[in-house]
Amino acid sequence: RGVIYIARIPPRMTPTKLKALMEDFGVTRIYLVEEDASVRKRRRKLTGNASKRYKEGWIEFESKKVAKHVAANMNNTPMSGQKRSHHHDDLWNLKYLSKFQWSHLTEKVAYERRVREQKLRLETMQARRETASYKHLVETGKKVDRIEARKRKR
């Protein structure tokens, strides 16, 4: 099986549209990376456009030969020949990844997810420690205030 990397996904291109465009070549799987949440939030605020956008993607074909052929022939060609299409002015940016398997991609995605979860867990632990130390300082401050109040009563 052959894998192709797509360096740029144009706006309004979805995995379904991409699969429809490539279905003649025997696509088995498609994975597209969504844009960051912060970038999407900023874009929504500025333009009002709330649609999902994708940055990059990978397509797996049934045959390596077909994948190489598609990457070689479709790279730097217009995505759509129809003038009314949203993707008329966009060019394909494809690269065949030799010796690359789909499992490499899934491992990478799983690793990034684990790293993100680990980072989040560390941040929550740090926040808990900070709140616990703050509570401890507040309690000791209250104890000191009570002791001083007792001393003043005497």
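The values are calculated or read from the model by the stated rules, or taken from the named source; none is laboratory data. Not measured: the values here are computed from a predicted model. We place every Cβ from the backbone using ideal geometry, glycine too, and count neighbours over all the protein chains shown.
Tell me yes or no: at least one residue of region 57-67 is of a type in the set (S, T, N, Q) and closer than 25 Å to residue 112 by Cα. Within region 57-67, not a single residue is of a type in the set (S, T, N, Q) and closer than 25 Å to residue 112 by Cα. At least 3 residues being touching a residue at least 24 places away in the same chain (Cβ under 8 Å) is the threshold, and among the helices (runs of 4 or more DSSP H) wholly inside region 1-87 those reaching it are 15-22, 64-74. Is region 93-100 home to any residue that is in contact with an Asp or Glu (Cβ under 7 Å, 6 or more places away or on another chain) and aromatic (Phe, Trp, Tyr)? No.
For region 89-96, does any single residue satisfy the condition of being touching a Phe, Trp or Tyr at 6+ places or on another chain (Cβ under 6 Å) and not polar (S, T, N, Q)?
Filtering region 89-96 for residues touching a Phe, Trp or Tyr at 6+ places or on another chain (Cβ under 6 Å) gives 95.
Then drop every residue that is not not polar (S, T, N, Q), which leaves 95.
Yes, region 89-96 contains at least one residue that is touching a Phe, Trp or Tyr at 6+ places or on another chain (Cβ under 6 Å) and not polar (S, T, N, Q).
Only a single criterion out of (1) closer than 30 Å to residue 33 by Cα; (2) exposed (fewer than 11 other Cβ atoms within 10 Å of the Cβ); (3) at pLDDT below 90; (4) not hydrophobic (A, V, I, L, M, F, W, C) is not satisfied by residue 85, namely (2). Could you tell me whether residue 138 is part of a helix (DSSP H, G or I) and over 30 Å from residue 63 (Cα atoms)? Answer is yes for this residue.
The residues of region 46-82 that are surrounded by fewer than 13 Cβ atoms within 10 Å (Cβ to Cβ), among the aliphatic types (A, V, I, L, M) and modelled with pLDDT of 85 or more, listed by number, are 46, 72.
Any residue that is under 18 Å from residue 31 (Cβ atoms) and loosely packed, with under 10 Cβ neighbours inside 10 Å - is there at least one of those in region 100-110?
The first filter runs over region 100-110 and keeps only residues under 18 Å from residue 31 (Cβ atoms), leaving 100-110.
From what's left, loosely packed, with under 10 Cβ neighbours inside 10 Å: 103.
Yes - at least one qualifying residue is present in region 100-110.
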